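Novice: First the structure, then my questions, so here it is.
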Amino acid sequence: MRDETADEISRTAKKLGITLTAHAPYYINLNAKEQDKIDASINRLLQTARLAGMCGAYSMTFHAAFYMKDDPKTVFDIVKRYLKQITERLGDEENAIHLRPELTGRKSQFGTLEELCELSQEVPQVYPCLDFSHNQARTDGQANNYKQFSEVFERYKKALGKGALNQMHIHVAGIQYGPKGEIKHLSLKESEFNYKDFLRACRDFNVRGAIICESPELEKDALLLKKTYHGLGVTTKVAKA
């Protein structure tokens, strides 16, 4: 994307009142064995942050790393070190966009709720992107009811403070999963994802920010989420990713 295109997106989004978020390329691995792959991952994250900032996005998400059979604590330290380098460079550029490592769906990927909350406490400008469908897949389907959704919000609030609930970046979709976690996304009604309980938890925790629908029928399912949310006695608007 050219700078001129990003500027036009920013102007149009402001004119139409559309909230923007961004997703970095999927081929990122800050725990790669080859340094050139790590360097390329850092450059992709920086490029996304710069363009997203020019577009007016407040938040960008990404899949940070794979464990590559390494100890999860070792991978955590590696991801933290590189994210600190990235946030320092963005700080020099006065780019305050939120960097959001995503709660990932495969058990081979870095990105559990606990890892992301701890990372966000230790690196400025970093917050979790909570993907509730991925969390369902990572937990073999267990994290899929009101109690479990509420526990995620409680853990997030404990780590980052109540104010962090006002600027969230969330993903939802139906999901197919197996012993290794995520297999593929599904439409909401074709899946077991308990979106009604999820939305009740959002209401009760007074969550604000952006919920991005990642189902194969994203427009249809985004409207389903909106209609269901309004049925709980609250109002919101649909934003585009």
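A short reminder: the numbers here are calculations on the coordinates, not readings from a lab. Everything quoted here is computed from the prediction, not taken from an experiment. Note: ideal-geometry Cβ built from the backbone for every residue, glycine included; neighbour counts use all protein chains shown.
Novice: To the nearest 0.05, what FRET efficiency results for TYR146 and GLU118 with a Förster distance of 35 Å applied to their C-beta separation?
Specialist: My answer for the efficiency is 0.90.
Novice: Relative contact order (percent) for the range 1-106, with alpha-carbon contacts under 8 angstrom and 6 or more residues of separation?
Specialist: 32
Novice: Now, a different point. Please list, in chain and number order, the residues 5+ apart from ILE212 or on another chain whose amide H is under 5 Å from its amide H, with Hs placed from the backbone.
Specialist: Counting only residues 5 or more places away or on other chains, the set is ILE170, HIS171, VAL172.
Novice: Run the numbers on the chain and let me know its relative contact order in percent, using alpha-carbon pairs under 8 Å that are six or more apart.
Specialist: On the way: 432 pairs, mean separation 38.0, N = 241.
Across the chain, relative contact order equals 16 percent.
Novice: Which of the aspartates and glutamates could a cross-linker span from LYS14 if the Cα-Cα distance has to be under 19 Å and same-chain partners fewer than 8 positions apart are dropped?
Specialist: Result set, ordered by chain and number: ASP3, GLU4.
Novice: Right, here's the next one. Quick one: of the DSSP bridges fully inside the range 129-235, what percent are antiparallel, nearest 5?
Specialist: Around 40 percent antiparallel, to the nearest 5.
Novice: Turning to a different aspect of this structure: Sort the chain into rounded, prolate or oblate with this rule: let a ≥ b ≥ c be the square roots of the eigenvalues of the Cα gyration tensor; rounded if a/c is under 1.5, and if a/c is not under 1.5, prolate when a/b is larger than b/c, oblate otherwise. Numbers along the way, then the final one.
Specialist: Details: a/c = 1.59, a/b = 1.15, b/c = 1.39.
Since a/c reaches 1.5 but b/c is at least a/b, the shape of the chain is classed as oblate.
Novice: Can you list the aspartates and glutamates whose alpha carbon is less than 20 Å from that of LYS226, not counting same-chain residues fewer than 8 positions off?
Specialist: The qualifying aspartates and glutamates are ASP131, GLU190, GLU192, ASP197, ASP204, GLU214, GLU217.
Novice: If you don't mind, another one. Just the number, please: percent antiparallel of the DSSP beta bridges in the chain, rounded to the nearest 5.
Specialist: About 30 percent, rounded to the nearest 5.
Novice: Which value, in debye to the nearest 20, gives the size of the charge dipole of the chain about its Cα centre, when Lys and Arg are +1 and Asp and Glu are -1 at the Cβ?
Specialist: Result for the chain is approximately 660 debye, rounded to the nearest 20.
Novice: In addition: Taking the simple approach of a point 7 Å from Cα along Cα-to-Cβ for both ALA40 and SER108, what is their distance in nm?
Specialist: 1.8
Novice: Rounded to the nearest 500, what is the 222 nm mean residue ellipticity of the chain from helices alone, with -39500 (n - 2.57) per DSSP H run of 4+ residues and division by all residues? If you can, show how the numbers build up before the last one.
Specialist: Working: 8 runs with 111 residues, N = 241.
Here the helix-only value at 222 nm equals -15000 deg cm²/dmol.
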